[in-house]
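To keep things clear, I will list the structure first and then write my remarks on it.
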Amino acid sequence: MAWRFKASKYKNAAPIVPKAEACVREICVGSYQTYGNNIAASAAFMAFNWEHSGASVAVLPLDDCGRKSKTMPLLHGHTDTVTDLKFSPFHDGLLATASQDCLVKIWHIPEKGLEQSLSDPEAVFSHKQRRVETVGFHPTADGLMYSTAAGCVALFDIATQKEIFSNNEHPEVIQSASWREDGTVLATSCKDKCVRIFDPRAEGSPIQMLAESHQSIKDSRVVWLGNQSRILTTGFDAARLRQVIIRDIRNFNTPEKTLELDCSTGILMPLFDPDTNMLFLAGKGDTTINYLEITDKDPYLIEGLRHTGEQTKGACLVPKRALKVMEAEVNRVLQLTSNMVIPIMYQVPRKTYRDFHADLYPETTGYKTELIASEWLVGTNQPVPKMNLDPAKREHGDEPIIPRLGPKPFSSNTGDVSFDKVFAVPVAPGSHENISSVGQENCSETPTQGAKPDLIVEIEIKKNHEREPNVAGNGNGNGNGNGVQKSLTTSERRKSSADDDESSDKIFEQNSESSENSTEGEDRTDADLRRFSAVRSSIAERRRVYESRSKSQVDEKAQSPVPLRRESSKVEPLKPSGNSNVIPSAGIDSKRISVPEGKLLEEHRRGNGAAGLKKSATEAAFSAASTKRTSTVFGKVSKFRHLKGTPGHKSTHIENLRNLSRQIPGECNGFHANHERVAVPLSGPGGKIAIFELSRPGRLPDGVIPSLVNGSNIMDFQWDPFDAQRLAVACDDGIVKLWRIDEGGLSEPTNAPQGELTAHLDKIYFIRFHPLAADVLLTASYDMTIKLWNLRTMQEMCTLTGHTDQIFDFAWSPCGKLGASVCKDGKIRVYNPRKSETPIREGNGPVGTRGARITWALEGHYIVCTGFDKVSERQISVYNAQKLTAPLNTASLDVSPSILIPYYDEDSSTLFVTGKGDSTIYCYEITDEEPYICPLSHHRCSSLHQGLSFLTKNHCDVASVEFSKAYRLTNTTIEPLSFTVPRIKSELFQDDLFPPTRITWSATLSADDWFGCNDKAAAKVSLKPEGMDTLSSIQQVPAAVKKPDHSQFASKSDYESNKQQEIQKSVSARMEYTTKLEQDEMEGVDENEWQE
């Protein structure tokens, strides 16, 4: 028994916690109900879940420290919580993430880390509508990845991007999985309280062994003890005590060691180092990290020093080759807390740390392998070569081990893997086409020491020809006459961006020089600001720009508010007349379409008319990428660029809201207001809607809130735009109930509506009132039909068909004649309801199926649609209402599950978009020339909102330059929100901001007139208050500058000047100076040399 008294070298390994300055601080980490560790590390980077939703991942250098900004670059690739993440053991820059959105994604981290947010993964693997629980890499085969979802184990070959194995024999959710160090078999722990040994290459059933494990269905973990024949599991027993069990696969059914711990609820995350047999147990929610040493004989588990500190959210081990071996660091645990990442160094005490202690560092598993996934699958086993951590025996001596940053792109020894197939990332819809030709790439595989190729690939990029801008007069090569450029695939954009790497530095130098030499009012072409220019091609770049201007406060000096130039100014002849800076367009207000005369004349001289303008813009797009705000067009800023959102005073809030409903369908905005009252759905049975009077703000009394009891679940509701007392509510029984609210508001709950309309036999998606005609209501149902009703007679007037799937939204055109719908089948349809029940135009809409919204813009000439792309990124697309084949432009925002709800202010051409649960209201100006979507100053609210509803224009305080007013619903309050434009002379009526507006608050015609095709345009009215002067009527006469009389200071000035002359003379007498310049003595250059 003498072995019992043999002291271990690692027995006294002590945890050393650095100071706060050496930790990653001020991060945002939530509590996630996942089976993962929430943090992973390679020899170069660390990655961990970010924010409370956990859908984003932060990636930082391993030795990073200090405070982190909440706007730092992230991986935005998933629409739901990231459940697990792992780095490849052979490539430090290759990261795999699994998520509840049923996807596994592969990311390549650049050598310098994330300099901008990434949204495009290198590869995507799907688990077919099953939540992915765990993900990881094979320990010996390069490019082989595993993942588990529900009871399925799947293996993927990353190089070919194929699923090479799948098994569904686990009856319950797989909670954890771990490979043996030699990569032959896999151990899994399952929710059915069993642990299994799994061999994917076995004939017949891959489950080789099965044994009962922890007797609780709560989370359990398994880890293989290196290359031994033993596994270790952590979990809970029947009494919910935390357990650690060691099993030997040679006697699998009988545990070798069972250790009972405490009754804490946090699952123990086992972190095992096979080189030193050190085991770290970090419990989620615990403040302690236990260190134990595993032995071959009883007692099997020897407890070491325990670390006590912050509450743990996740933990992982750092690879051995990243340790500080000259400081006797034998292991390092990265502890993830709610706001920090703490590197805990485990150091073995020694007398001196000047020498390398070889007894502490046996040879460890290396980071180079010659085995690939296809060879392993057919039965080849090959261990990973060992490496020595002694700096004297390293390849590069004392220098740090150079991290291997992963394959980009992935390669394969099979010849049928194309570049496009390798980078199978969904194409962003509506992307502009690069006008340049794509550079040629020659990819050559770099062989390793063995004969088989490694996954690391060196890409040599050679430019075979110069880029040539494709200039077209009235269209481009695809035959589209609206000037839309053809969309590039993601792989082509990657090639193009790689081709641009050499010239990127020159581009930035050129931009910096031009920005330094330019003046404030200098004009620039809109091509500098295209969404897909050289440096605007990434979603992350645009996201950073959005975040940088998300605050309403303006830190930079505002430029001259010259409005945006409209499309007609491209083709109108340029005449140098006094009023040529304003070129009116038919059907569009001329007050928003001016452009500087000098810029037009200059571009007209460079080019020839409209073609010259187009050509100069195209050339500029590839010659330089501007750092200017993307909302500028031809160098001038929109008048609404610096709009400011201001919440109302607290005395105007309605507070103490309770029991808000979270079960409203996505097609419903969830909140609607008019100038007198607001409607808010309440939770609970009966389909209740609370009505609050805006004239009575303040704190609501506790108790029962008076409401409208509909008796069925609410699908949608909307106020009558011409009657502030009538509310229409659609229910899931297909009935629309019409309620009338008394002048004083609701005093008690009521279930007696004014009228009922049995609209459909199935559920109703949404309802819409007509914008001009009174008593005209539209309903859309699950039966994929849209019906129009005359509420005066309660009769169905017409039915619209043609939809093949769920109808997301419908919007009336400003003229009231047409309507546009967006559907789950990815189509946008335009209807003329009184003439045809089928669509008159049809085009491709958003490809995402999570939801969409639609609205009209620019007096019905354009359609704006919000939705999702293939990777669930929220986007805004602008379409020509006459040509719906492809969007004119698409602006991408972020990855979020909430649908963007748009509101368009036609007088200012401003689009407000936000989603339920967002805190930012994104603002854009819609124009009829590129880029069509111009970002304005976004408004960031202090809290999350559940809904937003705008009022009509006549309720805006134009005296305070308020051009839009809304009410915002939060979890507990209803707040007014005012959007204004900063102006110096606010005492004047800003007639350039407030053109005559259409009367939308009173009916233009009756239902009978509209259904009888007796159309009538809405009247316009001026918003100018009486007795207020207009800005344009005030002539700015420069005041005569009166020179001050300095006669009284003459004596003082003469004295100072005489004294200064005396000082100059005395200095000159002591200094030798000459008026000859140095260059006068230099040798000149002949004139003929200049000519050469």
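The values are calculated or read from the model by the stated rules, or taken from the named source; none is laboratory data. Remember, predicted model here, so these are calculated numbers, not experimental data. As a convention, Cβ positions derive from the backbone with ideal geometry for all residues, glycine included, and neighbour counts pool all protein chains shown. Just so you know, the surface numbers come from the protein's heavy atoms only, side chains and all, with ligands and any DNA or RNA stripped out. Shrake-Rupley method; radii C 1.70, N 1.55, O 1.52, S 1.80 Å.
Under 5 Å between amide hydrogens, built in the peptide plane, is the criterion, and for residue 335 it picks out 342, 344 among residues at least 5 positions away or on other chains.
Packing, as the average of other Cβ atoms within 10 Å across residues, places the peptides 829-840, 118-129 in the order 118-129, 829-840, highest first.
From the C-alpha coordinates alone, can you work out the Kirkwood hydrodynamic radius of segment 66-107, in Å? Let's see the in-between values first.
Details: mean 1/r = 0.0860 Å⁻¹.
Here the Kirkwood hydrodynamic radius works out to 11.6 Å.
How would you order 693-699, 680-686 from highest to lowest mean count of nearby Cβ atoms within 10 Å?
Details: 693-699: 13.9, 680-686: 16.9.
So the peptides 693-699, 680-686, ranked by packing, come out 680-686, 693-699.
What's the center-to-center distance, using Cα atoms, between segment 211-262 and segment 20-95 in Å? Each part's Cα centre sits 29 Å from the other's.
Dividing the C-alpha radius of gyration of segment 241-337 by 2.2 N^0.38 Å, with N its residue count, gives 1.14. In units of the compact-protein estimate 2.2 N^0.38 Å, segment 965-1008 shows a Cα radius of gyration of 1.78. Placing one equal scatterer on every Cα of segment 705-829 and applying the Debye formula, the log10 ratio I(q)/I(0) at q = 0.09, 0.10, 0.12, 0.21 Å⁻¹ is -0.25, -0.31, -0.45, -1.24.
All Cα-Cα distances of segment 732-776, cut into 5 Å bins from zero to the largest, leave 5, 16, 20, 22, 20, 13, 4, 0 percent in each bin in turn. Cα centroids of segment 97-118 and segment 925-1000: 37 Å apart.
Please report the spacing between the Cα centers of segment 842-888 and segment 310-362 in Å, no decimals. Measuring centre to centre over Cα atoms gives 53 Å. Distances between placed amide hydrogens fall under 5 Å for residue 81 paired with 100, all partners being 5 or more residues away or on another chain.
What's the ranking of 228-235, 245-252 by average number of surrounding C-beta atoms within 10 Å, highest first? Mind showing how you got there, number by number?
Working: 228-235: 21.9, 245-252: 16.8.
Those peptides, ordered most packed to least, come out 228-235, 245-252.
Compared with the alpha-carbon gap, the fully stretched path from residue 64 to residue 806 is longer by 262.3 nm at 0.36 nm per residue.
For segment 753-906, the fraction of 1.4 Å probe accessible surface lying on carbon and sulfur atoms is 46 percent.
Mind checking the dipole of segment 919-965: about its Cα centre, +1 per Lys or Arg Cβ, -1 per Asp or Glu Cβ, Debye to the nearest 20? Don't skip to the answer; put the middle values down first.
Details: 3 positive and 6 negative charges, 72 e Å.
My answer is approximately 340 debye.
In segment 887-1044, a dipole from Cβ-located charges (positive for Lys and Arg, negative for Asp and Glu) runs towards its positive end, and of 951, 989, 1014 it is 989 whose Cα lies farthest in that direction.
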